[in-house]
C-alpha cells in the first residue's frame, strides 16, 4: 500500500490491525513509509507538486513484456517527466526499462529504501515489494 501511495500521490494512512493496533506494531512498515515520504518530499517538484499523468507519456517494459504498475509525473516548474514504478511481487525481482514517448530521457533512478542513485541506462532493478523513481 505504501508503494501505491507513491504511484498515485495518496496521503499516507497507517491502519494497524484495522485501527485496533498501534504504529509500533509494524516498525518495518512504518520505517518504509517514512522513507517513501522523505523521497517524495525531496523530489516534490514531481511527486507532490507535479502533474499526475497516470501512464501517459511513458512505457515500462520487463524484457519484451509491458510492466505495471507505474505512473508518470510532469514537474511543476520544468514540465519534465519523472516516473515512479513498483514491483508488487512478493518473491521475484524484476528489471525494467522506461521509455518516454516525447523523446526526452531520464538519467537516474533510486529505490524508496536505498539512497543511492543509479544510471537509468543500465535499467531499473526492483526487488520484491519495492518501488523506485526515475528522474531527468
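Bear in mind these aren't lab numbers, they're just calculated from the coordinates by the rules spelled out. All figures in this text were calculated on a predicted structure; none of them were measured in a lab. Please note: Cβ atoms are built from the backbone with ideal geometry, for glycine as well, and neighbour counts cover all protein chains shown.
Kindly evaluate residue 58 against the criterion of being in contact (Cβ under 8 Å) with a residue 40 or more places away in the chain, touching a helix residue (DSSP H, G or I) at 6+ places or on another chain (Cβ under 6 Å) and either loosely packed, with under 12 Cβ neighbours inside 10 Å or closer than 13 Å to residue 7 by Cβ (or both). In short, no.
Here is a yes/no grid of residues against (1) surrounded by fewer than 18 Cβ atoms within 10 Å (Cβ to Cβ); (2) over 22 Å from residue 9 (Cα atoms); (3) free of Cβ contacts under 8 Å to residues at least 12 places away in the same chain; (4) touching a helix residue (DSSP H, G or I) at 6+ places or on another chain (Cβ under 9 Å):
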residue: 22; (1), (2), (3), (4): yes, yes, yes, no
residue: 38; (1), (2), (3), (4): yes, no, yes, no
residue: 43; (1), (2), (3), (4): no, no, no, no
residue: 50; (1), (2), (3), (4): no, no, no, yes
residue: 64; (1), (2), (3), (4): yes, yes, yes, no
residue: 102; (1), (2), (3), (4): yes, yes, no, no
residue: 108; (1), (2), (3), (4): yes, no, no, yes
residue: 118; (1), (2), (3), (4): yes, yes, yes, no
residue: 128; (1), (2), (3), (4): yes, no, no, no
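Only one of these conditions is not met by residue 34: (1) under 13 Å from the mean Cα position of the chain (by Cα); (2) outside any strand (DSSP E or B); (3) within 24 Å of residue 125 (Cβ to Cβ). Which number is it? For residue 34, the failing item is (1).
Would you call residue 76 buried (at least 22 other Cβ atoms within 10 Å of the Cβ) and in contact with a helix residue (DSSP H, G or I) (Cβ under 7 Å, 6 or more places away or on another chain)? Considered against the rule, which asks whether it is buried (at least 22 other Cβ atoms within 10 Å of the Cβ) and in contact with a helix residue (DSSP H, G or I) (Cβ under 7 Å, 6 or more places away or on another chain), residue 76 comes out as no.
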